[in-house]
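Take a look at the structure below.
Every number in this text was worked out from the coordinates using simple rules, so none of it is lab data. Since this is a predicted model, take the numbers as computed values, not measurements. All Cβ positions, glycine included, derive from the backbone under ideal geometry; neighbour counts span all protein chains shown.
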Amino acid sequence: MWEFSIMLESEHAKVAKFLFNSLKKYVEEVGGIITSFEEAGLIHIVIACDNAEKTRLFYYVKSYITEAICSYFKNEFLRKNLKVNLKNKVSITAFEKALQYFDKETDRYLVEKYLNLEKNIFLESFFEFKLKILKSKWLELTKIANENSSYLLTDDTFIELLRFLVDNLEVSFDTLNIISDSDGYQLLDENFKDATTSLKGDAVWLIENVIALSPRKINIYTDTPSEELNLISSIYSSRTNILPKHNAKIVDKGF
């Protein structure tokens with residue numbers, strides 16, 4: 001029997017939930033057991049399976065720990081270290097998310113290089129003491145952004161920087177359809193099926209998910225483009241089509 005434990009500080013409950021929910025499916029597929037509990041300010045995620053399935057689960061455990069660090073830990077690091085004054089929450093979110101996903105393949109490579117799953121892992125200690133080169137890389141990124149923050153106050157310069165950042169993200173989604181409603185936005189795939197786990201969200205949610213999905217093509221269905229839709233259209237300029245909202249209803253009836 002192979003057993004492995006991931007430990008996190010209680011303040012990272014969101015990360016623990018992501019890891020537990022992501023790994024649960026794969027552990028159960030091989031007949032293993034996964035459980036979690038909190039004790040003395042620490043959250044423990046414990047996995048157990050037959051030794052024959054160890055190699056298979058290794059892949060998923062390593063992949064999702066890497067994702068947790070490159071997404072959740074990097075986002076937290078940027079929020080703490082960025083000192084950029086932008087005009088609104090949507091702009092701040094767009095900038096943070098673009099930086100979060102920028103050069104993510106190198107981030108993943110560095111995490112995986114130092115990630116050893118032969119022993120139980122305390123995630124915060126691993127991040128603080130084994131990933132100093134990754135933290136230095138992120139610190140340099142925030143330093144450059146902070147030193148040039150005055151240029152970001154100009155709309156044209158800000159858009160150009162965002163465009164540069166998203167153009168250098170790896171495309172991970174083909175066609176993204178954005179439907180604008182009076183109470184929020186929907187993100188649908190090329191078949192007009194939900195592209196995210198949430199059915200609908202606000203402007204900040206929209207920006208976060210569009211950048212995270214990094215689509216090859218974006219169709220925006222709206223009759224009155226909002227500030228956030230105009231921002232998306234500007235930074236994804238050559239990939240974006242703005243279409244009448246009723247067109248989405250016509251297409252949607254075919255599915």
- Under the 7 Å Cα-to-Cβ spin-label approximation, TYR109 and SER226 lie apart by a distance in nanometres of 3.9 nm
- Message: Just to be sure I understand the model, the point goes 7 Å from the Cα along the line to the Cβ. What's the resulting SER150 to LEU117 distance in nm?
- Response: 4.9 nm
- Message: Which three numbers, in whole Å and largest first, are the semi-axes of the equivalent ellipsoid of the chain derived from its Cα gyration tensor as √(5λ)?
- Response: 35, 25, 15
- Message: What whole-number distance in Å separates the alpha-carbon centres of region 166-227 and region 57-96?
- Response: 19 Å
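With contacts defined as alpha carbon pairs under 8 Å and 6 or more residues apart, what's the relative contact order of the chain in percent? Don't skip to the answer; put the middle values down first.
Values: 335 pairs, mean separation 41.7, N = 255.
The normalised contact order for the chain reaches 16 percent.
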- Take ARG56, project a point 7 Å from its Cα along the Cβ direction, then tell me which residues of region 20-40 have their backbone nitrogen under 11 Å from it. 26-32
- Item | Extended-chain gain in nm, criterion 0.36 nm per residue less alpha-carbon gap, LYS14 and THR35 | 6.0 nm
- Note on the structure: Residue span LYS135 to GLU67: 0.36 nm per residue of separation minus Cα-Cα distance leaves a gain in nm of 23.0 nm
- Would you mind calculating the gained length between PHE164 and ALA48 on full extension (0.36 nm times residue separation, minus the Cα-Cα distance), in nm to one decimal? 37.3 nm
